[in-house]
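For reference, the structure is listed below as structure tokens.
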Amino acid sequence: MIWNEHAECMDREQLLKLQNERLRNMVSRLYYNVPFYRKKFQEAGIDPGDITGIHQLKDLPTTTKQDLRDNYPFGLFAVPQSEIVRLHASSGTTGKPTVGGYTRADLRTWSEVVARSLYAAGVDKNDVVHVSYGYGLFTGGLGIHQGAQKIGATVIPASGGNTKKQLQIMHDFGSTVLACTPSYALYLADTMKELGMDPSELKLRRGIFGAEPWTEEMRREIEAKLHLKALDIYGLTEVIGPGVAMECEHQKGLHIFEDHFIPEIVDPNTLQPVPHGQVGELLFTTVTKEGMPLLRYRTRDLTTMTVEKCACGRTLARLNKFLGRSDDMLIIRGVNVFPSQIESVLLEMSETEPHYQLIVDRVNNLDILEIRVEVNEAFFSDEIRQMENLAKKIKANIESVLGISAKIKLVEPKTIERSEGKAKRVIDLRKLVD
Amino acid sequence: MLLKQLSVFLENKPGRITQVTKVLDEIGVNITAFNIADTSEFGILRMIVDNIDTALQALKAQGFSVRTTQVVGLVVPHQPGGMHQALEHVDKAGIEIEYMYAFAYNSKAAVIIKADDTQKLVDVLSGSGYHVLQEGELIQD
Ligand SMILES: [Zn+2]
């Protein structure tokens, strides 16, 4: 199902024209209404009139979370406060929260993209949408709520907490769609089991899960335990909230609503686009946002992007699996290496969560990468030859993914040090030398 | 007719083998046969013990990577060429030996053999009149 066929299945050339036009408009709003951006443009020697289209995005300044903090709370707003009708904020693990201000038009855009997201998941007005995302400053609850209302679904604003009561309501009100974080979905499933409740007692058929990273393994688990199809929704408070991108029923990546949010995949160091299909950091330019438009906002999320048309008919580009955070990136022999790339290689080989550690050192001016892999039961054979083959296979697979060679060391379980239960992924000894 | 062998993955670090034997000692498990295969980086400790389930649990609880494998225990006839003749039967049957190691069984020589087709190995050896050890025989010792 497609909510807005005109926007979502638009010919890509036509989409580009629309994006160019919207970017030109946005750049002038930034220049004339936001001192922070005017200063950045002036420093870079860019006149707003120089910008004709999105091919020039790479030359424009980026925006970071730190910029938002430095301008806390309303410094990046592009309209007077009288035009702002809603504020949201994300708590953030360090320091001040990041704030989002919405005009009336922004709220319309937001419910539009959430409506598109719900349709992409096969949800319509016949559904009963149970929203267990928190309501409040957090964008999850109200964001899904407005979109679900827009498509005419029956909305249950359950918010978070009181899991037993939520299950009771889901049962009594016949909820067909569950919207919450994937970890809460698993918690709900476990609580059901404890209460002796069978998933067939509920009518759930779709799950709209997001606000935190999750794996395919989690998806399979949720789908099996709750008897629903689990779909991934992506968004950030800074950009708008949930509904920036959404998976369709084909589960082949998340469609980005590119007429509003222009994505770029860039090298985190140079901030220049990476060749098509390669891993890089995801940036968004919010061309239609009025309240707090952001130019090349650095999400720090690493991913790849596909532009091919999807089986669902949408022409919108898709985000593939999220591969971690750009802050974790290492540069080894001039090659960008993300620990998550190594994790995916190991996951493919063992189907269980691998414990590994990267040790980077510099010997005779040459970077050396050693990968320590804990030998769990999935990896362990009692034959030396097979263990050696395993190490060789890991080495070959990693080399083909990273393009650089690594030494593989098999180590005993629990020997990689963990802090707060999580293994320390990277030890970079090079820093000590400099 | 198959024996269950316990295998433990060990890094080549001083004192690791002792830590395994210490765990087994503490829970009163006897080791009947014992072998180490190693490379420059790691080793695999293989054992036949008298109470494999207890040993497996105790080692897992201590964080070791442990697994069980089915192997064949063969009593080698005490005569010149005894070992050689037994292996000829194995070769003829087209069975590939992955590894083997010797141990003493009731003052006789015995070997543990891991093959690509362990069941076939048992059939060939018993069919040729060899004494293939059963789990019960080892525990009685
Ligand atoms: Zn699609």
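Couple of notes before you dig in:
- Range in chain A, longest, excluding exposed GluC sites (Glu not before Pro) [loop by DSSP; at most 10 other beta-carbon atoms within 10 Å]: A:1-307
- Based on C-alpha pairs under 8 angstrom that are at least 6 apart in sequence, region A:330-428 has a relative contact order of 33 percent.
- FRET E, pair A:R430, A:D47, Förster distance 45 Å, beta-carbon r, rounded to 0.05: 0.60
- Each residue of region A:220-233 is assigned a 3J(HN,Hα), and the resulting list reads 4, 5, 4, 4, 6, 7, 10, 6, 9, 8, 9, 10, 9, 10 Hz, derived from the Karplus form 6.51 cos²θ - 1.76 cosθ + 1.60 (θ = phi - 60°), x at Gly and Pro.
- By the Stokes-Einstein formula, at 1.306 mPa s and 10 °C, the protein assembly as shown with its Kirkwood radius over alpha-carbon pairs has D equal to 57 µm²/s.
- If you wrap the tightest convex hull around every Cα atom of region A:285-416 and split its volume per residue, you get 173 Å³.
- Taking amide H positions as modeled 1.01 Å from N, with prolines and chain starts lacking one, the residues under 5 Å from A:V426 and 5 or more places away or on another chain are A:L358.
- Average projection area in nm² (convex hull over Cα atoms of region B:59-116, one quarter of hull surface): 5.2
- Cα centroid separation - region A:268-300 against region A:107-176, whole Å: 28
- Percent of Cα pairs in region A:1-326 per distance bin of 20 Å, from zero to the largest separation: 33, 57, 10, 0.
- Cα-based radius of gyration of region A:237-301 once divided by 2.2 N^0.38 Å, which approximates compact folds: 1.14
- The protein assembly as shown: antiparallel DSSP beta bridges as a percent of all, rounded to 5: 75
- In sequence order, region A:363-374 has phi-based couplings of 10, 6, 6, 10, 6, 10, 10, 10, 10, 9, 10, 6 Hz under the Karplus curve 6.51 cos²θ - 1.76 cosθ + 1.60, θ = phi - 60°, and Gly or Pro positions carry x.
- Amide H to amide H distances under 5 Å link A:I408 with A:I371, where only residues 5 or more positions off or on other chains count and H is placed in the peptide plane.
- If the chain linking A:Q251 and A:K225 were pulled fully straight, counting 0.36 nm for each residue of separation and taking away their Cα-Cα distance, it would gain 7.5 nm.
- Pairs of Cα atoms nearer than 8 Å and 6+ residues apart set the relative contact order; for chain B it is 29 percent.
- Check: the protein assembly as shown dipole with +1 on Lys, Arg Cβ and -1 on Asp, Glu Cβ, in debye: 1660
- Placing unit charges on the Cβ atoms of the charged side chains and taking the dipole of region A:330-428 about its Cα centre, the candidate lying farthest along the positive direction among A:L347, A:L358, A:I332 is A:I332.
- Within the shell of other residues whose beta carbon sits under 12 angstrom from the beta carbon of A:L366, the net charge comes to +1, with Lys and Arg scored +1 and Asp and Glu -1.
- Between the amide H of A:T63 and those of A:Y297, A:R298, distances stay under 5 Å, these residues lying 5 or more places away or on another chain, with hydrogens modeled in the peptide plane.
- Whole-Hz couplings from phi, Karplus 6.51/-1.76/1.60, listed for region A:286-300; x for Gly and Pro: 8, 5, 9, 5, 9, x, 9, x, 10, 9, 6, 6, 7, 6, 6
- Within region B:1-63, the GluC sites (Glu not before Pro) that combine a DSSP coil assignment with at most 15 other C-beta atoms in a 10 angstrom radius are B:E41.
- Separation between Cα centres of region A:203-223 and region B:1-24, rounded to whole Å: 41
- Between A:N33 and A:E212, the simple spin-label model (points 7 angstrom out along Cα→Cβ) gives 3.5 nm.
- Taking 7 Å steps out from each Cα toward its Cβ at B:Q57 and A:I169 produces label points 4.5 nm apart.
- Summed over all non-identical Cα pairs, the Kirkwood treatment of chain B gives a radius of 15.9 Å.
Here, each number is a calculation from the coordinates, and none is a lab measurement. Everything quoted here is computed from the prediction, not taken from an experiment. Cβ coordinates were reconstructed from backbone atoms using ideal geometry, including for glycine residues, and neighbour counts include every protein chain displayed.
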